[in-house]
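Only one structure is covered here, and it is reproduced in the block below.
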Amino acid sequence: MMRDLLHESYNAMRHNRRRTALTMLGMAWGIATVVMLLAYGDGFGRACANIFANFGTKLVIVVPGRTSMQAGGQKAGNLIRFTQDDIETLTTNLPQITRITPEASKQASIQYDTRVFTWPVTGNDPDVLSIRALKLEQGRFYNMEDQIQRARVAVIGSEAKEKLFSGRNALGERIRVDGLSFEVIGVLSAKMQEGNDDINRVVYVPFSTMSDLKDTHYLDSIWFTYLTPEYEELGQSVRTIMATQHKFNQTDHQAVEVFNLMTQLHQFEIITLGLKVLMGFIGTLTLGIGGVGLMNIMLVSVTQRTREIGVQKALGAQRRHILTQFLAEALTITFIGGVLGVILAYAVALSVGRLTLYSAFAKNGEAGDIRLIIAPGTLIASTLILGAVGLISGMVPALRASRLDPIDALRHE
């Protein structure tokens, strides 16, 4: 009996090919919309993650300031100054730190041949390469041997290389930094650069060598990476340690500023999650329109086949058989429409490629653009939404068909 009813369902769809095809098209359009909107939300989240990865994610920057509150008998307005002792204090008290470096920087005159520019020069330990997520395009980065020997070597940004050397090989050449000669040993890959940001024009030199250009007894900032998911507690620990070290109120945020990039990344993750929920909701509404169309078509089918249902019941078909017949027809239309919709979504995603986002206002920002990459999670979520819509849309007409009185159905004209 069940096999015969499913066969009848297939014949009904084949008999009304145009109506079935249009209904499938509506479901396909709905599921394609759901998949593409969810893929857009995933793409936006991935773009934000790439933007932060450009600068480093689990990264903390500690910058000294000036006290704004009285503490420990000291008046407000005292200048906080970091030294190498603060590096040792943080390393000793925070085992979560994986790499740490002091930083001393200044705007300096950079000269090669007749070309002269004013760019930032920064002195750091060799660990700055991984701390600031720098990537080498040519040559090498300075190492601990250069640091110990106070070698006058420099690693320059990609834009600095272009402006100084105009495409020529920079490795082994000597540039003058505030009149002092430095050998170029490495060139960095281009990083995302907003507006007039100098990020690709920075000249990196060993921290020990930086003392030839300025007094490095007092540090401009401290940079470190860490390995712990408790980034908020880590930031508070940094503030507490520095407050104890420099005798200021730990609630005084102007005394020491602690920048944790994970805080901004978490905020963007919340925005991304909200965007995904919104996109999913809009897509579900669109798919719901297709579901309403499917329900209407199935209700029309029930009306047209009322007499047939009466005959089936007279021959012994039970309510569950009729329910299964019409529900199977609705779910078949939903399934085929869903497959076509996913294929359509993949076709659109491949044809669209990259959607401009960060590259609209940042150089080398292509990694921060949105790409409609359909993830397995997107397909699973879309399938669950499609199944729910198809089940609800098919269940209402199927229940109506199964509850028809066989005598009234046989009298139907």
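Couple of notes before you dig in:
- In terms of its alpha-carbon gyration tensor, the chain comes out prolate; a/c meets the 1.5 threshold, and the first ratio a/b outweighs b/c.
- Largest GNM mean-square fluctuation across PRO102, PRO206, PRO229, computed for the chain with C-alpha springs under 10 Å, falls on PRO229.
- With 23 Å as the limit, the listed pairs LYS106/LYS161; LYS58/LYS161; LYS214/LYS363 have LYS58/LYS161; LYS214/LYS363 beyond it between alpha carbons.
- Cα-based reach from LYS75 at 24 Å (exclusive), listing lysines while leaving out same-chain residues under 8 positions away: LYS247
- Cross-link reach is defined here as a Cα-Cα straight distance under 18 Å, omitting same-chain residues fewer than 8 places apart; for LYS276 the aspartates and glutamates meeting it are ASP42, ASP369.
- Our coupling estimate for segment 143-152, obtained by passing each phi through the Karplus curve with A = 6.51, B = -1.76, C = 1.60 and θ = phi - 60°, is 10, 5, 5, 4, 5, 5, 7, 6, 5, 8 Hz, Gly and Pro reported as x.
- Segment 158-272: radius of gyration and largest Cα-Cα distance (Dmax), Å: 19.2, 53
- In the frame of its principal axes, segment 88-242 has Cα extents of 50, 30, 26 Å, reported largest first.
- Using a probe radius of 1.4 angstrom, the carbon and sulfur fraction of the accessible surface of the chain is 58%.
- Per residue solvent-accessible surface (Å²) - the chain, probe of 1.4 Å: 50
- Just so you know, the Rg over Rh for segment 281-389 is 1.22, from Cα atoms, with Rh as the Kirkwood radius.
- For segment 281-292, 3J(HN,Hα) computed residue by residue from phi via the Karplus equation (6.51, -1.76, 1.60; θ = phi - 60°) reads 5, 5, x, 5, 4, 5, 5, x, 4, x, x, 5 Hz, glycine and proline entered as x.
- Kirkwood hydrodynamic radius (C-alpha pairs) into Stokes-Einstein, segment 110-201, 10 °C and 1.306 mPa s, D in µm²/s: 118
- Overall dimensions of segment 42-174 as given by Cα atoms, namely Rg and Dmax in Å: 19.0, 59
- Residues whose amide H comes within less than 5 Å of that of ALA108, counting only those at least five positions distant or on another chain, are TRP119, VAL121 (H built at 1.01 Å from N in the peptide plane).
- Inverse of mean 1/r across different Cα pairs in segment 30-90, Kirkwood, Å: 16.3
The values are calculated or read from the model by the stated rules, or taken from the named source; none is laboratory data. Note that the structure is a prediction, hence the values are computed from the model and not measured. Each accessible area value is taken on the protein alone, full model and side chains, heavy atoms only, with ligands, DNA and RNA left out. Shrake-Rupley method; radii C 1.70, N 1.55, O 1.52, S 1.80 Å.
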